[in-house]
Structure formats: structure tokens, C-alpha cells
2 protein chains.
Amino acid sequence: MSSGGIGRTRAERVVLCTPDDPLILESGAELSPVEVAYETYGRLDPERSNVVFVCHALTGDAHAAGHHGNRERRGWWDNLIGPGRPIDTERLFVICPNLLGGCQGTTGPSSTDPGTGGPYGLRFPLFTVRDLVSVHRRLLRALGVDRVHTAIGGSLGGMQALQWALDHPEQVERAVLVCASAKLSAQNIAFSAVARAAITSDPDFGGGDYPGTGRGPERGLAVARMTAHITYLSEESMRRKFDRARRAPGAPMTFADDFEVEHYLDHQGQSFLRRFDALTYLYLSRTMDYFDPFADPALDLSDITTRFLLVSFDTDWRFGSAHSAEIAGRLAGAGIDVEHVEVRSPWGHDSFLLEIPEYHRVVAGFVADSNDRAYAEPMWPPRRNHR
Amino acid sequence: MSSGGIGRTRAERVVLCTPDDPLILESGAELSPVEVAYETYGRLDPERSNVVFVCHALTGDAHAAGHHGNRERRGWWDNLIGPGRPIDTERLFVICPNLLGGCQGTTGPSSTDPGTGGPYGLRFPLFTVRDLVSVHRRLLRALGVDRVHTAIGGSLGGMQALQWALDHPEQVERAVLVCASAKLSAQNIAFSAVARAAITSDPDFGGGDYPGTGRGPERGLAVARMTAHITYLSEESMRRKFDRARRAPGAPMTFADDFEVEHYLDHQGQSFLRRFDALTYLYLSRTMDYFDPFADPALDLSDITTRFLLVSFDTDWRFGSAHSAEIAGRLAGAGIDVEHVEVRSPWGHDSFLLEIPEYHRVVAGFVADSNDRAYAEPMWPPRRNHR
């Protein structure tokens with residue numbers, strides 16, 4: 001059982017916010033109903049003290065582990081979560097919801113606006129990472145849980161864990177931020193902007209009112225996904241996977257897909273269309289652009305008891321080690337318990353989804369409920385792991 | 001006069017290939033007529049020995065220096081070319097043509113196909129860097145010049161200078177390759193592929209038959225240009241120029257352009273539409289993808305007398321120093337006279353268009369007609385310039 005991972009799972013759905021008790025966003029906008037889809041793995045212990053809350057990234061969903069019938073198609077973090085795995089479901093109870101604004105069961109811009117009876121489209125309010133956390137907290141309350149053993153996420157997921165711990169440290173014992181960022185760089189925002197331009201300039205975007213029409217900005221969303229994929233892989237990773245290999249070496253030049261990297265990107269773009277919604281892409285990417293918690297004038301780092309683990313990857317050029325180092329520096333400077341580990345991996349930002357032994361060992365050690373913390377080396381400056 | 005640069009210039013046009021004497025491409029395809037637009041600066045000396053041939057990059061044109069009436073809008077390499085400038089037009093005669101496949105006066109895919117009377121569109125044959133050089137050689141012949149003092153270009157321009165010198169070293173005394181590449185990496189090709197996908201998936205691309213319809217793939221071309229611009233700037237450069245500055249700090253979140261980097265990219269995308277054609281973008285980017293001269297089994301490096309200068313920039317992540325170092329290593333390994341200088345500049349690939357003193361000093365020294373070459377330090381390994 002330990003090696004087989006989690007078996008069949010399915011998403012639960014719960015309505016968290018109603019007209020009587022709407023979600024009030026940071027902007028002041030109110031939203032109801034808010035339905036949330038989530039999955040759970042493992043068993044909640046009687047003390048309700050073993051909850052690991054998984055926050056997904058830009059294009060993730062609630063299906064983090066196990067399978068929905070086809071054992072070959074497993075959740076996006078299946079290698080990390082399961083019996084005997086770093087997040088060990090024989091001991092821990094894992095909750096993973098689809099984010100606010102999502103397109104896999106949680107209320108988002110393609111959901112029905114009760115005010116009009118049609119889809120929200122661009123009338124859905126913009127929201128912040130703090131708003132994502134508000135919904136996580138509502139979900140916990142609905143499940144009767146006060147406090148999480150660990151909040152964990154990669155990329156945008158790590159941003160949520162960070163915001164949560166900064167705002168409600170009493171609720172988050174441990175926060176694991178994998179290749180996260182406390183603020184996007186100009187280059188990061190530029191890539192977001194290009195992706196959104198590709199989507200919104202597609203005539204089938206129709207000003208955001210495409211849901212329900214049977215059409216959608218598929219060309220634009222595919223281009224956005226292709227561009228994003230370049231940033232998820234390192235140059236080295238692309239060289240190893242594809243280099244300049246052609247499907248038909250020696251054949252005449254063509255505009256059709258010829259180089260293997262073209263086939264790969266095209267496949268990534270097309271397969272994305274089957275599972276993702278362009279409006280969700282717009283909203284969540286915009287949420288990331290504006291994230292900048294350390295610029296919040298109301299930020300108070302004086303009583304943060306959360307223990308932080310930051311993991312970054314040396315070839316990640318989306319949210320590389322400098323992003324994690326900046327977070328670690330801010331936290332350590334305020335006397336907060338933080339460890340930053342830079343793991344060597346040739347695979348760039350995508351590494352957070354991969355089974356990289358050193359990365360998994362560090363996460364496993366951190367979430368292990370040991371008081372002696374013997375696994376931990378000095379926390380700052382970042383420790384480089386040589387594999 | 002020395003500080004003012006070149007005055008007013010205009011493009012000449014010449015028909016180089018006719019049905020009786022067509023351009024025969026490397027693929028075997030024949031093309032005629034081929035008209036070429038070009039500009040010249042300075043005076044051809046009586047021995048016809050002072051020609052500097054400028055090869056432009058992906059989105060360049062024949063207007064390298066001087067102005068066309070508006071003194072504020074000068075040619076793309078005006079800071080390099082002119083009286084008293086590194087390519088000194090008081091001594092040198094500069095020729096800069098628009099490339100085959102171009103959209104600024106030279107025959108390309110938006111030109112009229114004499115076989116149909118309509119625009120070529122995607123019926124224009126694909127062509128190689130060697131084909132670009134064939135047209136350069138035809139132009140020289142038409143101008144009565146046998147041999148160039150220097151062939152120079154940045155990016156795709158450097159590729160042309162390289163191919164030319166490898167194939168016809170007797171015709172090229174000196175070759176200056178600025179941030180060039182002997183072959184695109186998988187990541188380079190990936191960015192090309194995304195740009196082309198944005199263009200061809202635009203419904204107004206119309207299978208390439210948009211010329212003359214009054215419509216064109218403007219949305220796709222703008223997205224392509226925005227994406228490319230990210231690769232032309234370094235992350236450091238974007239941070240310095242824009243960081244996270246907003247046009248309206250403190251205003252509510254919006255999907256409209258807000259961060260300065262968004263305004264910049266949007267402006268770059270839109271202004272590009274006024275001067276460039278999407279089909280040219282497709283063709284020239286595809287020419288770059290396939291360029292790989294050192295893989296040519298017929299390549300013979302044994303009698304190459306051309307002297308090479310390679311300049312790269314330390315923050316260039318499109319064709320960074322590793323690309324130039326690979327070329328330099330190949331040439332030096334065959335005993336060819338090559339110098340590679342890595343210039344420090346925070347501005348990434350765009351540096352080749354900027355007035356960077358060390359870069360200009362090195363180019364000026366190399367094209368100076370001195371036999372003692374006192375300016376040159378040992379040629380290999382690359383010399384790092386600290387400014």
C-alpha cells in the first residue's frame with residue numbers, strides 16, 4: 001500500500017458563502033454564493049491537529065492526489081502526497097480545494113452570476129491572494145478545523161501559504177513555500193501581460209462573455225499556455241528534452257511543426273484547452289501580478305509563530321532562488337523561524353511538480369512531527385543541496 | 001559634422017533577379033523578380049575596397065543610419081554608423097539592404113507573385129540564411145563591388161555575416177558578428193514558435209492571404225512582438241526600467257494596463273504594426289530556426305582568411321555569450337583568426353542597438369584599417385570588458 005499511492009478520490013462540493021453571509025473581498029466587493037470543490041486524503045485525527053492544507057498554483061485544481069478512475073492519470077502532486085510519501089496520508093489529513101476564481105468546481109468568472117442569471121465573465125470581481133486565503137479559512141471552518149499543521153503550495157500556492165501565515169500565524173503551524181515569490185518581477189508581469197493579451201485579443205473572447213456560447217478564446221489560451229510553458233522549463237531542461245531534434249530530419253523546411261520542441265508546445269497548448277478556462281487564467285494571473293505582501297503598510301511581523309520552509313530550484317527562472325531568498329530574508333530579519341533550501345534540479349520551475357529526492361526529503365523532514373527538528377541545518381543563509 | 005551623424009538618406013531600389021536570371025534558392029525554388037531596397041552612406045573609394053556591408057536583424061530594414069526627413073527618427077544603427085562613428089563614413093562606404101523576404105522595399109511574401117498577379121502569401125518559398133547572402137552578393141555585383149572590407153550584423157545579421165564568410169571567405173575581409181548564434185537553442189525555437197502561433201492563429205491572418213485585403217493579423221503580430229520584446233531585454237534591464245511601478249499607484253486592481261511594463265509592451269506591440277508585416281516575421285523567424293551552418297556536411301573551414309570579431313553581452317539571454325563562444329570555438333579550432341569580446345551591459349540582447357562605449361570601441365578598432373592590429377588582445381578565450 002505504501003508504494004501505490006492514494007486510490008480513487010473524488011471532489012466534494014460545499015457552498016461556503018450565501019447572500020446572508022457573503023464573501024467580502026479585500027476590494028469591498030461581495031460575492032455569493034461561493035461554492036468550493038475540494039478533495040481530501042487520509043483521516044482527520046480526533047484532535048483535528050493533522051491537517052495539511054494544499055494550495056494549488058495558477059493552473060492547478062483540487063485533484064492533487066489519487067485518481068478519478070484512470071490509474072494512469074493521477075493528481076498533480078500525487079508523488080508528494082500519499083501513504084509513505086513526504087506528505088504521509090497514513091498520518092496526515094490533506095485538504096486541497098480548487099481556488100476562488102477557478103474553473104474546476106469552485107465559483108469563478110465562468111460561474112453563473114445570480115444577479116443576471118448568466119455567467120459573470122469580466123463582471124466577476126478582481127480578487128487578491130488574501131481573498132483566496134479567506135475562502136480557505138471558510139472551508140476549514142466548515143470542516144470544523146481551527147488550525148492547520150501545515151499550509152503548503154508551489155508558485156501561486158506558496159504565495160497563499162505566505163499570506164495566510166502573515167495574516168493568521170496562529171492558524172498555520174508550518175508553511176511550506178515551494179518556488180514562491182513575494183512579488184513578481186517586471187519580467188514576470190510581462191509574461192503575464194502577454195498571456196492575457198493573447199487571450200483577450202482572440203475574437204472568440206467576446207469581451208469575456210463567451211461562457212455558454214459554445215465558443216471560447218481557444219487560440220489565445222493555447223498561445224498563453226505555450227508561452228507560459230517556456231517559463232516553466234529551464235533552458236537546460238529544454239536542451240535535454242528537445243535540443244534541435246526534428247520529427248523528420250532532412251525533410252524540407254516547413255512552417256508546420258517540425259522541431260520536437262514545437263510538437264511539445266503545441267501539444268501543451270491544445271491539451272490545456274480541454275481542462276482549463278481562459279477567464280480563470282486571466283483572474284488568477286492578475287491576482288499574482290498584484291501580490292506584494294511585504295509592501296502592506298499594516299504588516300506586522302512581530303508575533304509570527306509559524307515555522308517556514310522555503311524550497312527553490314537553482315534553474316528556475318520564473319520564481320528562482322532570489323525570490324525565495326527575499327522572502328527568507330524578510331522573515332529571518334523579523335526573527336521568524338525560516339529555513340530556505342535551494343535544491344539543484346535541471347528542470348526549472350516545473351521541478352516543484354517532480355519527484356526530486358532532495359526536495360521531497362526536505363519537505364518530508366519539515367512536516368514530520370518531530371520536536372527535535374534534527375533534520376534541520378542552520379536556517380539562513382540558504383543551504384545548497386548537492387545531489 | 002562629426003557629431004551630427006548622417007543627414008537625410010533615402011532607399012534606392014534595384015531589380016536584381018529577372019525571369020531570365022532568377023534567384024535560385026537553396027531549396028531549388030526559383031524566384032523572380034527580386035527587387036532590393038538599400039541605403040548607402042559615405043563614398044565608395046576608387047579601389048572599391050572600403051565597403052562595409054550591414055546585414056539587418058529580424059525586424060530591421062535598410063534604413064540603418066541618417067533620417068528620412070524627421071531628424072528625431074534616425075536609422076536603427078545610427079549611433080554606430082556615421083562620420084567619426086565606429087563605422088566611420090568619412091572613410092568607409094556602407095551598404096545596407098532590406099533582406100529577402102522583407103517588407104520595406106525588398107521582395108517578400110507580401111509582394112506580388114507574377115504567376116498569379118496577387119500577393120505571394122504563404123506561396124512564397126521558404127529560404128535560408130545562405131539565400132539571404134546570395135541576394136547580398138547579387139546586390140554587390142550590381143554595384144560593381146567584388147569584395148567587402150567588413151560584413152557586419154547583429155543577431156540574424158551576424159548569422160548572415162557568418163554564413164557569408166564561411167561560404168565565400170575571399171569576398172569578406174572582416175566579419176563582425178554581434179550577439180549572433182550559429183544555431184538556435186530549443187528555448188530560442190520555442191519563442192519563435194509561440195510568436196508564429198500568435199500570428200497564424202489570428203483569424204485575420206486568413207491563411208496568409210491577407211495582403212491587399214485591408215485587414216491583417218494585427219492582434220497576433222502585436223502579441224508576437226510583445227513576447228519577443230521580453231527576450232530582447234534582460235531581467236535586470238526590465239527591473240531598472242520598470243520594476244513594479246504603476247501608472248496609478250494605489251488605484252484599484254484592473255485588467256487594463258496598469259504596471260509600467262504593461263504600458264511599455266503594449267506600446268511596442270502597437271507601434272510595430274505600423275512598420276512591419278506579419279508574413280515577413282514568419283519567414284525570417286523560420287529562417288533563423290533552421291540556421292545551423294556547422295552541421296553542414298560540406299563545410300570546409302580549411303581556407304578561411306576572413307578575420308572575425310564576435311561581440312556578445314553578458315546579460316543577453318536570447319543569444320548570450322555561450323552562442324558566440326561556440327562560434328568562436330569552432331573557428332579558432334580550425335585556425336581561423338577570431339576574437340570574441342564579451343561586453344558587460346545590463347540591457348540584454350537589445351545592447352547591440354545601444355551606444356555602449358566598450359562595444360563601440362571594440363568594433364571601431366576592428367574595422368579600423370590598421371595592419372598592426374595593436375588594439376587587439378589575445379583572441380581566445382573571450383575577453384571580458386569591465387566598464
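I'd like to know if the range B:234-253 contains one or more residues that are touching a residue at least 24 places away in the same chain (Cβ under 8 Å), more than 8 Å from chain A (Cβ to nearest Cβ) and touching a Phe, Trp or Tyr at 6+ places or on another chain (Cβ under 8 Å).
yes
Here are some residues: B:G121, B:G105, B:G117, B:G101. Which one is surrounded by 24 or more Cβ atoms within 10 Å (Cβ to Cβ), on the phi > 0 side of the Ramachandran plot and of a type outside the set (D, E, K, R)? Working first, answer last.
Details: B:G121 fails: surrounded by 24 or more Cβ atoms within 10 Å (Cβ to Cβ); B:G105 fails: surrounded by 24 or more Cβ atoms within 10 Å (Cβ to Cβ); B:G117 fails: surrounded by 24 or more Cβ atoms within 10 Å (Cβ to Cβ).
None of the other options fit; the residue is B:G101.
Just to be sure before I move on: is B:A224 within 11 Å of another protein chain (Cβ to nearest Cβ) and over 25 Å from the mean Cα position of the chain (by Cα) in the structure I sent?
Spelling it out, it is not the case that B:A224 is within 11 Å of another protein chain (Cβ to nearest Cβ) and over 25 Å from the mean Cα position of the chain (by Cα).
Any chance you could count how many residues in the range B:299-323 are closer than 25 Å to B:H149 by Cα, crowded, with 22+ Cβ neighbours inside 10 Å and of a type in the set (G, A, S)?
Here the count works out to 1.
Every residue in the range A:201-218 that is buried (at least 18 other Cβ atoms within 10 Å of the Cβ) and within 13 Å of another protein chain (Cβ to nearest Cβ), please.
Step one: of the range A:201-218, the residues buried (at least 18 other Cβ atoms within 10 Å of the Cβ) are A:201-202, A:205, A:208, A:210-211, A:216-218.
Correct list: A:S201, A:D202, A:F205, A:G208, A:P217, A:E218.
Name the residues in the range B:265-299 that are at the interface with chain A (Cβ under 8 Å from one of its Cβ atoms) and either under 17 Å from A:A195 (Cβ atoms) or part of a helix (DSSP H, G or I) (or both), would you? Let's see the steps before the verdict.
Quick first cut of the range B:265-299, residues at the interface with chain A (Cβ under 8 Å from one of its Cβ atoms) only: B:265-266, B:269, B:282, B:286, B:289-290, B:292.
Of everything in the range B:265-299, those that are at the interface with chain A (Cβ under 8 Å from one of its Cβ atoms) and either under 17 Å from A:A195 (Cβ atoms) or part of a helix (DSSP H, G or I) (or both) turn out to be B:L265, B:D266, B:G269, B:L282, B:R286, B:D289, B:Y290.
Which of the numbered conditions does B:I189 fail, given that it passes all the others? Conditions: (1) free of Cβ contacts under 8 Å to residues at least 24 places away in the same chain; (2) facing chain A (nearest Cβ under 10 Å); (3) assigned to a helix (DSSP H, G or I).
Failed condition: (1).
Within the range A:345-360, is even one residue in the same structural domain as A:H168 (by TED's automatic domain parsing), at pLDDT 95 or above and farther than 30 Å from A:M238 by Cα? Step through it out loud before you land on a result.
Within the range A:345-360, the first condition is being in the same structural domain as A:H168 (by TED's automatic domain parsing), and the residues that meet it are A:345-360.
After this cut, where a residue has to be at pLDDT 95 or above as well, the list is A:345-360.
Narrowing the set further to residues that are farther than 30 Å from A:M238 by Cα leaves none.
So far as the range A:345-360 goes, no, none of its residues is in the same structural domain as A:H168 (by TED's automatic domain parsing), at pLDDT 95 or above and farther than 30 Å from A:M238 by Cα.
Here is a list of conditions, (1) at the interface with chain B (Cβ under 7 Å from one of its Cβ atoms); (2) part of a loop (DSSP other than H, G, I, E, B); (3) crowded, with 20+ Cβ neighbours inside 10 Å, and A:E262 meets all of them except one; can you say which number that is?
All conditions pass for A:E262, except number (2).
Mind counting the residues in the range B:130-151 that are out of contact with any Leu (no Cβ under 8 Å at 6 or more places or on another chain), in a helix (DSSP H, G or I), in contact (Cβ under 8 Å) with a residue 60 or more places away in the chain and among the aliphatic types (A, V, I, L, M)?
1
Take the residues in the range B:6-23 that are in contact (Cβ under 8 Å) with a residue 60 or more places away in the chain and not in a loop (DSSP other than H, G, I, E, B); name whichever of them is farthest from A:A251 (Cα to Cα).
B:R8
Could you grab me the full set of residues in the range B:54-106 that are part of a strand (DSSP E or B) and farther than 23 Å from B:G365 by Cβ?
Scanning the range B:54-106 gives B:H67, B:R74, B:P97.
Would a scan of the range A:171-182 turn up a residue that is of a type in the set (D, E, K, R), modelled with pLDDT of 95 or more and not in a strand (DSSP E or B)? Let's see the steps before the verdict.
At the first step, the residues of the range A:171-182 found to be of a type in the set (D, E, K, R) are A:173-174.
Keeping just the survivors that are modelled with pLDDT of 95 or more gives A:173-174.
Applying the additional criterion that residues be not in a strand (DSSP E or B) yields none.
Looking for residues that are of a type in the set (D, E, K, R), modelled with pLDDT of 95 or more and not in a strand (DSSP E or B), one finds none in the range A:171-182, hence no.
Check the range B:377-387 and report whether any residue there is surrounded by fewer than 18 Cβ atoms within 10 Å (Cβ to Cβ), modelled with pLDDT of 95 or more and in the same structural domain as B:K183 (by TED's automatic domain parsing).
Taking the range B:377-387 as the starting set, the residues that turn out to be surrounded by fewer than 18 Cβ atoms within 10 Å (Cβ to Cβ) are B:377-378, B:380-381, B:383-384, B:386-387.
Now narrow it down to the ones that are modelled with pLDDT of 95 or more: none.
No, the range B:377-387 contains no residue that is surrounded by fewer than 18 Cβ atoms within 10 Å (Cβ to Cβ), modelled with pLDDT of 95 or more and in the same structural domain as B:K183 (by TED's automatic domain parsing).
Can you find a residue in the range B:61-82 that is surrounded by fewer than 22 Cβ atoms within 10 Å (Cβ to Cβ) and aliphatic (A, V, I, L, M)?
no
Assess whether B:D257 counts as being surrounded by fewer than 20 Cβ atoms within 10 Å (Cβ to Cβ), in contact (Cβ under 8 Å) with a residue 24 or more places away in the chain and facing another protein chain (nearest Cβ under 9 Å). Steps first, please.
Details: surrounded by fewer than 20 Cβ atoms within 10 Å (Cβ to Cβ): yes; in contact (Cβ under 8 Å) with a residue 24 or more places away in the chain: no; facing another protein chain (nearest Cβ under 9 Å): yes.
It is false that B:D257 is surrounded by fewer than 20 Cβ atoms within 10 Å (Cβ to Cβ), in contact (Cβ under 8 Å) with a residue 24 or more places away in the chain and facing another protein chain (nearest Cβ under 9 Å).
The values are calculated or read from the model by the stated rules, or taken from the named source; none is laboratory data. From a predicted model like this one, the values you see are computed outputs, not experimental measurements. Ideal geometry is used to build each Cβ from the backbone, glycine not excepted, and the neighbour counts take in all protein chains shown.
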